[in-house]
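Have a look at the structure below before the remarks.
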Amino acid sequence: MGFKEEKVSVRNGMFNVTVRRGGRGDPLVYLHAAGGQAEWEPFLEMLSQKYEVIQPTHPGWPGSDGLEHLDDIVDMAIYYCDFFDAMGLSNVHLVGSSMGGMIAAEIGALGRNYVRKLVLHAPAGLWLDEYPTLDFFAAPQDVLMKALYMDPEKVMASQPKIDPENKEAMAKAMLDRAMSLAATGKFVWPIWDKGLKKRIHRINMPTLLIWGDHDGLNPPVYGPHFQKLIAGSKLVTIPGTAHVPMTEKPEEFVKVVSDFLG
Amino acid sequence: MKVHSFHLMPYPDLPEDFRERYHSVYIDIPTALYDPVRGHQVYNDYLDELEFAAEVGFDGICVNEHHSNAYGLVPSPNLMAATLARRTKNAGLVVLGNSIALYNPPTRVAEEMAMLDVLSGGRLIAGFPLGTTMDTNFAYGQVPITLRDKYHEAHDLIIKAWTEPEPFAFNGKYTQLRYVNIWPRPLQKPHPPVWVPGGSSPETWDWVCEMDYLYAHLSLSGHASAKRTLGSYYNLLDKADKEPNPYRVGMTQACFVADSDDEAEELYSEAVEYFYEKCLHFYPGFTDAPGYRTQRDIQSGMARQGFGRNQGGGKVTWKDRLESGSVIAGTPERVTERLRETCKELGVGHLMLLMQLGSLNRETTMRNVKLMGEKVLPNLRDLFSEWEDKWWIKPLVNEKRAALTGAK
């Protein structure tokens with residue numbers, strides 16, 4: 001089925017963002033993690049068999065501008081309310097992963113009317129002193145890869161390669177990564193506890209929490225913590241996955257999500 | 001030209017196997033490695049070394065700011081400048097400086113620097129570094145991508161606080177103050193000269209050029225990198241139609257004098273090696289917080305921070321360091337010649353010499369300072385005499401200066 005990519009203008013052109021859309025059905029908005037969403041991955045394709053998947057790139061990540069108009073995570077949530085208006089969307093299924101999960105949780109609290117059901121995969125946003133999350137800004141590459149994936153080598157092997165001789169493409173990939181993490185830092189540096197705990201009680205739509213049981217970046221102990229703070233929420237753990245279950249076990253991830261969304 | 005003595009104030013007792021056993025000299029270095037008794041001794045030695053430099057005729061003495069590290073033990077340069085203000089008479093107090101985005105409200109910096117300027121009789125140079133990524137993002141938790149914006153706002157507030165004759169309100173993005181009215185006021189008018197130390201960020205060059213401040217190239221990476229950075233800076237000055245006055249440029253240089261070239265190696269090479277091997281043992285994950293370098297900085301080829309640390313590969317020898325110019329050493333004649341060449345070629349009117357580095361002890365440092373002051377300094381002064389130095393202190397005339405007699 002595939003997807004189409006378009007540019008969407010939000011708040012009278014203050015933001016011009018890249019949006020991918022694919023599939024038919026109830027609208028499902030997917031909010032990507034800190035690293036951005038470089039590819040229309042298999043899990044998005046699978047979801048698009050059942051839903052109309054809308055995958056925007058956050059302002060400040062490669063392909064979307066307007067970061068200068070956002071100072072913090074609340075600004076980001078309000079921006080997404082404007083984005084939904086610009087897209088003519090209401091009552092969406094909102095799915096967010098990690099940093100995208102933190103944004104989705106904020107939208108669930110601050111923009112209730114836009115969200116029909118909420119899916120938060122390993123959302124950022126809460127902090128327990130006894131269980132510090134990984135400093136992914138400073139962690140060595142090998143430590144980070146092990147925190148993200150059960151089998152880093154397999155994941156790396158399956159990803160599209162850039163020819164190291166292609167200096168321009170290499171430089172662009174490096175710059176894209178730097179841009180994504182720099183934008184992430186604007187919302188979560190140096191610790192991602194930015195007030196969600198004061199707003200999370202307002203999440204009142206059906207909510208599913210998903211965690212990889214080997215998540216090395218955002219420890220699974222945060223699952224029950226979120227669950228406690230969101231009334232009536234469900235928590236599903238996907239065994240044998242780490243911080244990116246949608247990449248390592250896309251079928252399981254999609255099944256868990258669609259079982260919940262119906 | 002003007003020549004200054006710059007002291008990093010390193011911790012000199014890191015263990016032999018520091019590089020192998022420990023993760024980084026910055027940010028997560030174990031505090032157990034710091035012995036405050038030893039610290040007491042070395043702070044006082046280092047201050048003596050700076051005071052002695054002032055005594056033998058150096059124009060200025062420089063201190064700077066770093067956090068959570070053993071590379072430079074001065075989290076608060078203003079404290080060092082305060083004690084130096086009372087123990088020196090004529091030397092410029094070059095505070096390089098306060099990382100102004102770290103202080104809230106930044107009027108604290110305006111106040112402390114005004115205090116220093118008044119206390120010293122108008123001898124303060126106000127250095128405003130952005131601060132390294134280790135200091136600002138990792139040690140002080142600043143958001144990397146907004147650091148520069150916050151820095152500029154802090155700068156605007158400080159300058160306005162120094163120059164506005166009436167109390168004013170400041171409605172900034174990072175600082176809001178209903179009443180800005182700092183006491184005391186700086187002695188130098190309109191305010192102490194501003195120096196901006198930098199790595200090699202084009203963003204910084206543009207701004208420093210526009211503001212007509214002094215740009216200080218703080219790097220120990222040697223001649224080639226200094227030439228690249230300062231060459232680009234002079235090109236920018238040319239494009240902006242600013243006169244290529246060498247006094248608008250400062251540079252650090254490690255410098256060691258001895259009676260012979262062989263003696264120089266014997267006296268200094270071990271301590272210098274300690275500096276490059278241990279003091280620059282930075283964990284790379286702490287040297288480039290995402291967003292610290294702007295897109296433009298990255299695209300211009302500005303390296304991540306590392307201060308010229310040993311980059312992989314083979315061992316760098318003393319001879320290599322002399323050749324690359326990261327260290328200038330030898331007889332007074334040789335050192336004089338190299339410094340003259342370097343400053344002429346690069347257009348450096350304010351030379352900041354590091355005469356203590358790494359684990360170099362007090363006795364050897366004092367001798368270095370003495371030889372530099374007696375045999376090298378007098379042979380550098382004539383350089384750039386055709387230019388006016390508009391970036392230097394304007395101290396109070398002698399008749400108006402306090403006697404500094406103490407309680408006697």
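Bear in mind these aren't lab numbers, they're just calculated from the coordinates by the rules spelled out. Quick caveat: nothing in here was measured; it's all calculated off a predicted structure. Note that we place each Cβ from the backbone using ideal geometry, even for glycine, and neighbour counts take in every protein chain shown.
At-a-glance table
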| item | result |
| --- | --- |
| Largest-first ellipsoid semi-axes for the protein assembly as shown, taking √(5λ) over the Cα gyration tensor eigenvalues, angstrom | 52, 27, 23 |
| Inter-centroid distance (Cα atoms) of segment A:22-81 relative to segment B:214-236, Å | 43 |
| GNM flexibility winner over chain B from B:ALA53, B:ALA114, B:ALA169 (Cα, springs under 10 Å) | B:ALA169 |
| Debye log10 I(q)/I(0) at q = 0.20, 0.22, 0.31 Å⁻¹ for segment B:208-255, Cα point scatterers | -0.64, -0.76, -1.25 |
| Mean shadow area of segment A:4-261 over all directions, Cα convex hull, nm² | 12.9 |
| Orientation-averaged projected area, Cα convex hull of segment A:1-92 (nm²) | 5.6 |
| Exceeding the 28 Å Cα-Cα cut-off - candidates B:LYS89/B:LYS189; B:LYS239/B:LYS390; A:LYS197/A:LYS249; A:LYS154/B:LYS315 | A:LYS197/A:LYS249; A:LYS154/B:LYS315 |
| Segment A:163-216, Cα convex hull volume normalised per residue, Å³ | 170 |
| Within straight-line cross-link reach of B:LYS173, aspartates and glutamates at Cα separation under 18 Å, skipping those fewer than 8 residues along the same chain | A:GLU68, A:ASP71, A:ASP72, A:ASP75, B:ASP149, B:GLU153, B:ASP156 |
| Per residue Cα convex hull volume in Å³ - calculated over segment B:135-200 | 116 |
| More than 24 angstrom apart: percent of Cα pairs within segment B:1-103 | 30 |
| Distribution of pairwise C-alpha distances over segment B:2-400, 20 Å bins, in % | 28, 62, 10, 0 |
| DSSP beta bridges in the protein assembly as shown [antiparallel fraction, %, rounded to 5] | 20 |
| Karplus-derived 3J(HN,Hα), 6.51/-1.76/1.60, for each residue of segment B:40-45, Hz, glycine and proline x | 4, 5, 6, 4, 5, 4 |
| Descending principal axes extents, segment B:321-375, alpha-carbon based, whole Å | 33, 24, 20 |
| Residue order, fewest to most beta carbons within 10 Å, for B:ARG148, B:ARG86 | B:ARG86, B:ARG148 |
| ³J(HN,Hα), Karplus 6.51/-1.76/1.60, whole Hz, each residue of segment B:130-140, x for Gly, Pro | 5, x, 6, 5, 4, 5, 7, 8, 8, 7, 10 |
| Rg in Å to one decimal, and Dmax rounded to a whole Å, for segment B:189-228 via C-alpha atoms | 11.6, 37 |
| Paramagnetic reach from A:ASN16 in segment A:43-82 [backbone N under 11 Å; point 7 Å along Cα→Cβ] | A:64-66 |
| Full-extension gain in nm, B:GLU345 to B:VAL37, via 0.36 nm per residue minus C-alpha separation | 106.5 nm |
